[in-house]
């Protein structure tokens with residue numbers, strides 16, 4: 001019973017304060033906004049004790065502010081995560097396309113690319129910083145005629161040798177390829193490493 005009388009007293013005090021403020025205000029544009037604020041204050045005075053009684057926790061306006069702050073922070077955080085994810089995806093697509101283009105240009109020069117690694121800066125333009133490529137000469141594949149099968153004799157020996165099918169490129173060819181890539185991708189030759 002004591003709780004109900006305290007609740008009714010709170011409502012009466014809120015209505016009296018709202019009425020006094022409304023009577024003191026001059027007529028004008030801001031009066032309707034002040035009436036809205038007074039209405040929210042009276043509504044809060046009615047609802048707050050009921051929520052406190054039902055939940056057992058005191059209901060404060062600062063709790064609402066804390067929730068809004070939490071929502072703003074979590075929204076901002078998730079937005080930053082999405083932006084970072086998109087930037088990473090864009091960078092990966094750029095690197096993949098750049099590698100494919102580079103491999104194609106190297107193959108047009110008559111070389112085979114074993115591995116290609118690019119070092120890209122993290123700025124907004126994704127500037128190419130370094131190229132690491134492992135390149136070999138392609139075998140001559142111009143002769144496409146079908147030949148008859150000759151008899152083959154196989155002899156087995158105790159020594160094993162590594163037979164390299166790839167032909168390594170000379171230093172001059174490496175320098176020529178560096179100059180070619182440097183001209184296309186606007187990169188200094190010292191930042192291009194070809195093995």
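All of the numbers you see were taken from the coordinates with simple rules; none came from a lab. Computed from a predicted model, the values in this text were never measured in an experiment. Here the Cβ is made from the backbone with ideal geometry for all residues, glycine too, and neighbour counts use every protein chain on show.
Data overview
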{"item": "Globularity ratio of segment 36-137, using Cα Rg and 2.2 N^0.38 Å", "result": "2.27"}
{"item": "Fully extended contour minus Cα-Cα distance, from residue 109 to residue 137, at 0.36 nm per residue", "result": "9.1 nm"}
{"item": "Approximate spin-label separation residue 120-residue 53, in nm, with each point projected 7 Å along Cα-to-Cβ", "result": "6.4"}
{"item": "Rough spin-label spacing in nm, given labels placed 7 Å along Cα→Cβ, for residue 89 and residue 172", "result": "5.0"}
{"item": "Zone residues, segment 62-102, relative to residue 17, backbone N less than 17 Å from point 7 Å out along Cα-to-Cβ", "result": "62-63"}
{"item": "Sequence ranges 91-102, 15-26, 128-139, ranked by mean other-Cβ count within 10 angstrom, highest first", "result": "128-139, 91-102, 15-26"}
{"item": "Order by protection proxy (mean Cβ within 10 Å, highest first), peptides 1-10, 168-177", "result": "168-177, 1-10"}
{"item": "Distance between modelled label sites at residue 66 and residue 96, nm, 7 Å Cα→Cβ extension", "result": "4.6"}
{"item": "Calculated on alpha-carbon atoms, Rg and Dmax of segment 2-59 in Å", "result": "13.6, 42"}
